[in-house]
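Here the structure is laid out as structure tokens; the discussion comes afterwards.
Read-outs throughout are calculated quantities, based only on the coordinates presented, and are distinct from any laboratory measurement. A quick note: this is a predicted structure, and the numbers were derived from the prediction, not measured. Positions of Cβ are generated from backbone atoms using ideal geometry, with glycine treated the same way; all protein chains shown enter the neighbour counts.
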Amino acid sequence: MEAIVQSAFGEVAALLVMSAVIGLLGILLRQPLIVSFIAVGLIAGPSALDVVHSDEQISLLSELGIAVLLFLVGIKLDVKLIRSLGAVALLTGFGQVAFTSIFGYLIGLALGLGHVTSLYVAVALTFSSTIIIVKLLSDKREIDSLHGQIALGFLIVQDLVVVLAMIVLSAIGIGAAAEDADGHGGGSVLTVLALGLAMVALVVLFVRYMANPLTERLARAPELLVIFAIAMAAMFAAIGDFVGLGKEVGGLLAGVALASTPYRETIAARLAPLRDFLLLFFFIALGSALDLSLLGAHVIGAFVFSLFVLVGNPLIVLAIMGAMGYRKRTGFLAGLTVAQISEFSLIFVAMGVSLGHVQGDALGLVTMVGLVTIAASTYMITYSHQLYAIIEPLLGIFERKNTPREPSEAGAHRDGGYTVIVFGLGRFGTAIGMRLKKRGIRVLGVDFNPLALRRWRELGIETEFGDATDPEFVAELPLSRAEWIVSTVPIHPTGLSHEDTRTTLIQLTRTSGFRGRIAVASHHSRDTEELVAAGADMVLEPFQDAADRAVDLLCGAPEEERTEIPSIETEGKQAS
């Protein structure tokens, strides 16, 4: 092993193998790769295997990774989502940032940290990982839910705060750079700020006159477009470092320069794997720089700060959303998404260390908090519905007597008289609802995606906002006179290995007194037996049914010989 890692290439190869193995173990434990990569750095560092020696090479890849990361933040900085969500995104975002900063600073002082260190740690605790949260919500198919959209809104607010914090941090470091004999700015704070404004002006001119035509020409060769994007990120990062603003701000401005182009999504999608690969070296460098023997002194501080992030951040989001008229369930699910710190927290403190504002042990403290909160919040978000069921009796103080924000999104139709209630208003659910309406059957559509509800109301079908896995919501639905419940909700686990949304909905409707028949959609015939055993009266297989009808049409079969598709109007055949 020692012979292999004597060269820089062999060392990187060994680190990649370790990353793959430990990353696989992390996936089996349902942990984000950030945790696994920091663990690789700790194991490969001087406190364990002592594999990392090519500090310059790994540092170079690390800095390039940070530049690409900030580039992707800039290129996807979409303030339209904040505007569309309005006050809830701004109030929850800035409210959480202010709460965490103020109380985090006070906790730092109480733990004996200095004023500057406490301030750095407090600001670092305000950032949540957009990458991790989007991944977890997407896996649970909740990214389009109300709490998912609200979470995205205040995550974007946090991204804006990240940008401002790094710009302020760079400005604070300008004075130190001016006094440095090797300072790049060479002059004064005013000189550096003037050069920074010149960079911003350059970005504005580029966006106005060159961005669209240039990217349109480059898009004819997608590989060249990707190389150009990387070149932009590296060039602006180098310029930002040269004028004293820092690589991070430079990389961010490069992303903003391409954010208005129609190819920004393509660029972001193609650069995401490269970002993950390069950030691997940032986390390895971070982990390898930590001395495990010194981390013991920060155990108490890390525990206190981690508890503050895991409990305090969700509570402030829950309180703000409750005061604005959202249900406690929505506030709780949205609040869980900020129960962790992010990769930006580590980058922010690392900038402070490089500027000499804080010592390296502050970075070790924040890293420990990151490991604890990211690992714990991953399980909290994954099992959010089960966690809510346990804590729900304690959350009454966070909900007003009426919740005007959510009924205004829904139709709040409680008069009953619906023949069919459709859960899941996607393409298949919409097709079913429209055809039932054409036959004069009264339908109620249920979904937790406000946009889907709005589309259904535009089609003239009544709707109700809610989650199919919420026992309180299901119990309040007008089930007594309904003849059919149809579920077309996406298939995803609710947290237990043997249970998914479909079987949960069957159980909740039956326990709520529904005596009619239940039809559920399935994309796999192997699920039929399990769904019937759970209580489904009919299993709809949209792909198979559509294929059968398509074959009938292609073969020109007479109407009476065509495959019979079960009708919800009739008894319907029991799935077998």
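Results, tabulated for the structure shown:
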quantity	calculated
Within region 537-551: backbone nitrogen closer than 17 Å to the residue 435 label point (7 Å, Cα to C-beta)	538-551
Residues 11, 476, 530 arranged by fewest to most Cβ contacts within 10 Å	476, 530, 11
Cα extents of region 429-558 along the three principal axes, largest first (Å)	50, 37, 27
Euclidean distance between Cα centres, region 427-443 to region 460-474, Å	17 Å
Mean Cα-pair separation over length for region 4-397, i.e. relative contact order, pairs under 8 Å, 6 or more apart, %	28 percent
Cross-link table 135/247; 135/328; 401/438; 135/401, entries beyond 31 Å C-alpha to C-alpha	401/438; 135/401
13 Å reach of a label modelled at residue 216, 7 Å along Cα-to-Cβ, counting backbone N of region 258-277	261-263
Highest average packing first - 253-259, 359-365, Cβ atoms within 10 Å	253-259, 359-365
Listed peptides 324-337, 151-164 by packing density, highest first (mean Cβ within 10 Å)	324-337, 151-164
Protection proxy ranking, peptides 464-472, 232-240, 503-511, average beta carbon neighbours within 10 Å, highest first	232-240, 464-472, 503-511
Full-stretch length increase - residue 102, residue 9 - with 0.36 nm per residue and alpha-carbon distance subtracted	28.9 nm
Difference of contour (0.36 nm per residue) and Cα-Cα distance, residue 532 to residue 209	110.1 nm
Length added when fully stretched, residue 270-residue 550, from 0.36 nm per residue minus Cα-Cα	97.1 nm
For region 526-547 versus region 299-318, the gap between their alpha-carbon centres in whole angstrom	44 Å
Point-to-point label distance, residue 311-residue 457, nm (Cα→Cβ direction, 7 Å offset)	4.0 nm
Separation of alpha-carbon centers, region 42-71 and region 208-258, rounded to whole Å	24 Å
